[in-house]
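I have placed the structure first, in the form of structure tokens, so that the comments after it can refer back to it.
The values are calculated or read from the model by the stated rules, or taken from the named source; none is laboratory data. Remember, it's a predicted structure, so these values are computed and weren't measured experimentally. Here the Cβ positions follow ideal geometry from the backbone for every residue, glycine too, while neighbour counts run over all protein chains shown. Side chains included, ligands, DNA and RNA excluded: accessible areas come from the protein's heavy atoms. Shrake-Rupley method; radii C 1.70, N 1.55, O 1.52, S 1.80 Å.
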Amino acid sequence: DCYFSFAGPLTFKNGQEHRDALGLVPLDRLIVETDAPWLAPDPHRGKRNEPAFVSFVARRAAEVKGVPYEELARVTTANACAFYSLPVS
């Protein structure tokens, strides 16, 4: 029982290895993050990263997984809450 987290490099032009790895991860084991203040996702690459940019990672992850963004956001939020023992909102 473990979770796999993906951050800004998932969105990079040269991030295909990250996208390939994501394709192997079941949704119920997936978490997305920003890795702030480093590795800002495209289109903010090279700038200071911030937590608000997690939506860019989630949108790219949804594309890779072939699911709607809203579903990916719901599932990854629930996964993060489970990982950190927080109530699911």
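Here are some notes:
- Checking every one of the chymotrypsin sites (Phe, Trp or Tyr not before Pro) in the stretch 35-70 against DSSP loop status and a limit of 14 other Cβ atoms within 10 Å picks out W38.
- Heavy-atom accessible surface of the chain: percent carbon and sulfur, 1.4 Å: 56 percent
- Summing charges over neighbours of F53, with a neighbour being any other residue whose Cβ is under 15 Å away from its Cβ, gives +1 when K and R count +1 and D and E count -1.
- Fraction of the pair-distance distribution of the chain above 20 Å, Cα-Cα pairs, percent: 30 percent
- Local net charge near Y3, Cβ-Cβ under 11 Å (Lys/Arg +1, Asp/Glu -1): -2
- The trypsin sites (Lys or Arg not before Pro) found in the chain that occupy coil by DSSP, while having at most 12 further C-beta atoms within 10 Å, are K13, K47, R48.
- Cα-only Debye scattering, the stretch 14-60: base-10 log of I(q)/I(0) at q = 0.28, 0.29 Å⁻¹: -1.10, -1.13
- In this structure, the amide hydrogen of F6, modeled 1.01 Å from its nitrogen in the peptide plane, lies closer than 5 angstrom to those of I31, V32, E33, counting only residues at least 5 positions away or on a different chain.
- The charge dipole of the chain, taken about the Cα centre with unit charges on the Cβ atoms of Lys, Arg (+1) and Asp, Glu (-1), comes to about 280 debye, rounded to the nearest 20.
- Value of relative contact order over the chain, rounded to a whole percent, pairs C-alpha under 8 Å and six or more apart: 29 percent
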